[in-house]
Structures are given as structure tokens and as C-alpha cells.
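The values are calculated or read from the model by the stated rules, or taken from the named source; none is laboratory data. Note that the coordinates shown come from a computational prediction; the quantities given were computed from them, not determined experimentally. Counting neighbours? That spans all protein chains shown, and the Cβs are built from the backbone with ideal geometry, glycine included. Surface areas here come from the heavy atoms of the whole protein model, side chains and all, with no ligands, DNA or RNA. Shrake-Rupley method; radii C 1.70, N 1.55, O 1.52, S 1.80 Å.
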Amino acid sequence: MLTGVVGIASLVVYVQIQLVSLGLIVQLTLDGAVSSEAATLGAGLLMIAFVFVAGVRSAAFAAGVKDVLMVLVVVLLSVTVASKVGAASLLDLFALAEAKHPGIGSFPGLDASSPTTAIWLMTSAINIALGNWVFPHLFQMSYTAHSATAIRRNAIWQPIYSLAYFFIILLGFAALIAGTQPPGGNLNAALLQFVSDRYPAWTVGLLAGTGFLLALAPGSLLLLTAGSIFTRNVVRPFRPALGEGAALALSRGSLVCFAAIAVWLSISQKGSLVKILLDAYSAIGMLAPGVFLGFLWKRTSALGVLAGLLAGFAALLAPPAAKFWATALPQWEAGLIAMAINAAVVVAVSLVTRRPRAAALALGQLDDEAPRAAGVLPARAA
């Protein structure tokens, strides 16, 4: 149940990213006629409506469409961006940015006192890489896959898809050169404002439509997963006789509540999308030591995982701990520090507590002698 609560909390924070992005697109579409609060509320209602109308299969299909559109749009914008800001070529963009803003091309950036150094980047990347594999919504999409081969193929292509981020960074440098001023100084809207200022209306519409899918499809999957976890992992242990109809109604009702919480967080806590993303991965990363050690080390005990969770969250959320890390390791991502403490406590407590029962270990064992039909996952991988 505790892992379910942690998963839900992390998913709600992640939904906040989608709502902020979707709210910005709503504001762009309406030419700033509505406030950011109203746009975020409207984004939440749109997301809930999409969940109820589309469901997980349509959301998974939309996720594939938006990935293709995103790559096409950012490449299209990048091919023409140099001429929009007076640069001779794409490479010249970096030279112009460095000339106008010395230090922008290296860490920590324009603010020499910022903790965003190379160490911060590496520790944040490791934290995200480890936390990525325990986010519930990322494996829930596997239930809609045609076969195990499709899941493996997706894992192969995903890193290549991530190369598109280069073009997004390129557009960010162009917006900096152009001196783009987003409404209210909201840097989250810098790219949308730059495209709105420098490109024709049809391009802005294409970007807005793609961004709409980019926020809506993942957000709907996040809410669906949160509702499913709440019903099966939080409520069902107390109500084992809960029928399928009641479970479905409870799942739908809970996801509306989670969406409302995400809307409230988006309105009340103004922050960069990067900060929100790191918060989400720091929270879900507390499950990583228990999951990985549970697969790799047979000695891992339930008490060890519980103790690790408590120690990790104390190291992550306790104000004295936050102040200590800011002083002792100012350039490190706090989520990775807390994850390391979590893992150390899991190992230490597991070594001094009773070994897991043989029946419990058997659930996670891979039966190497079982026949592997084409497209069928082995028991452990499934």
C-alpha cells in the first residue's frame, strides 16, 4: 500500500507538468484572453474529458502520433530558425548566443552562483535514469502492446527519439538571441512565444496542436494509472470483496480528485518545468532501490524496503536534511542522495532481518526450462 501511495504522489506531480504545458498552449490559442489560472483549470477539464472518452488504448495511440509529430515539428522549426534570428547557419546560433550572453554555452550558465554545474547535470541524469524504470505509467502502457517484441522494439527506439531534444535546445538558444519576452516573464512559455513572434500562423497552429497532444496523451495515462493504483493497491487490500463495477467507479472518481490536486499544485506553486520534473523523479526514485534489489538480491526483505523508504523520504523532505545537502553537497541532485541513503538502509536492514520465505522468492524466479513461445514474455520479465 505504501508503494502505491508513493506512486500516486509522484504521478500527481508529473501530471502537474502536463497541466502547466497544456495551460500555456490554451493561453496561446486564445491569444492571452484568459488568465494562467483559468487556462490551467481548463487544461485539467480537457484532460479529464480525454480520459473518460478515450481510455488507455486511444491514449497510447495518441502518444505514438504525438512523438512522430514532435520530431517533425522541431526539425521543421530548426531548419529555418537561423534565418529568423539573423544567423548565418545553425552553428552560428551558438556563436551569437555566446557573444550576446557570455557564459551561456557552459555550466553553470549566466548565473555563476547557480548550482547547475556539470555535477548537477550528471547526478540529475542518473536520478532520472534510475527513477524512469519504476514510474507506474511507463509500464502500464505495455498492457496495450501487441506482443513482447513490440515492447522491446520501443525500448530500442526510445533513446534515438530522445536525440530530438537537441533541436529543442537549438530553438531555446534562438529564443535567447531574439530576446523573446514571454508574458509575465514566464520562461516556461519562451519557446511558444518565440514561435508565435517569428513564424507564420499556420506554423504556430501546428506547434500548438502538437504540444496539445504532447501534454494530453501522457497526462491521461498518468491519471489512468493513478486511479488504477488507488483502487487496486490502496483500497482493495481493505475491501477485497470490491466488485469490478465498484472498482471502476472508484478508479474514475479518484482520478478526478487527483487531477484536481494537480490543478491546485499547478496554480499555487509556480516553478520551472525542470524543477517539477526533478521533484517527480526524486519522489518515485524512492521505490527504485527496493525494486532493483528485489530483482537482483534474494536477501532483500520487506522490512528493509520499508526502512529504506522511510529513510529516503526523511533525507529528501526533512527541512534540516535539505539544508545539510545544500551545504555539504550543493551541486548534487538531492533525489540521488536520498536514493543512495535509501539503498544503503535497505541492504543494512535486510542483512539483520529474516530472509524472505522460499514461496515469496519463487514468485520472482525466472523459469529457464519453460518453453518460450514467440512473443511471450518469461515470467520474470512479465
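Checked against (1) open to solvent by less than 50 Å² (accessible area, probe 1.4 Å); (2) farther than 30 Å from Y165 by Cα; (3) in contact with a Ser or Thr (Cβ under 6 Å, 6 or more places away or on another chain), L303 passes all but condition (1). One residue stands out in the stretch 313-333 among those that are within 16 Å of A343 (Cβ to Cβ) and touching a Ser or Thr at 6+ places or on another chain (Cβ under 8 Å): the one that is surrounded by the fewest Cβ atoms within 10 Å (Cβ to Cβ), namely W332. Of a type outside the set (V, I, T) and open to solvent by less than 20 Å² (accessible area, probe 1.4 Å): is that true of A241 in this structure? When the stated conditions are applied, A241 does not pass them.
Within the stretch 1-51, if we keep just the residues that are part of a helix (DSSP H, G or I) and open to solvent by 60 Å² or more (accessible area, probe 1.4 Å), the residue that is nearest to V263 (Cα to Cα) turns out to be L41. Does the stretch 100-138 hold any residues that are out of contact with any Asp or Glu (no Cβ under 7 Å at 6 or more places or on another chain) and among the hydroxyl-bearing types (S, T, Y), and which are they? Correct list: S106, S113, S114, T116, T117. Among residues of the stretch 251-274 being more than 22 Å from S35 (Cβ to Cβ) and out of contact with any Lys or Arg (no Cβ under 9 Å at 6 or more places or on another chain), the one that is modelled with the lowest pLDDT is V274.
Counting only helices (runs of 4 or more DSSP H) that sit completely within the stretch 157-264, those holding 1 or more residues that are out of contact with any strand residue (DSSP E or B) (no Cβ under 9 Å at 6 or more places or on another chain) and over 23 Å from S83 (Cβ atoms) correspond to 201-229. Return yes when A88 is farther than 19 Å from C257 by Cα and either open to solvent by less than 50 Å² (accessible area, probe 1.4 Å) or touching a strand residue (DSSP E or B) at 6+ places or on another chain (Cβ under 6 Å) (or both) and no when it is not. So A88 fails the test.
Would you be able to tell me the number of residues in the stretch 72-85 that are of a type in the set (V, I, T), under 15 Å from L191 (Cα atoms) and open to solvent by 30 Å² or more (accessible area, probe 1.4 Å)?
Total satisfying the criteria: 2.
Note on the stretch 174-195: residues that are touching a residue at least 40 places away in the same chain (Cβ under 8 Å) and open to solvent by 50 Å² or more (accessible area, probe 1.4 Å) total 5. Pairs are defined by a Cβ separation below 9 Å, a sequence spacing of at least 6 or placement on different chains, a first member in the stretch 233-252 that is in contact (Cβ under 8 Å) with a residue 40 or more places away in the chain and over 13 Å from G4 (Cβ atoms), and a second member that is open to solvent by 70 Å² or more (accessible area, probe 1.4 Å) and not hydroxyl-bearing (S, T, Y); the pairs so defined are R252/F52.
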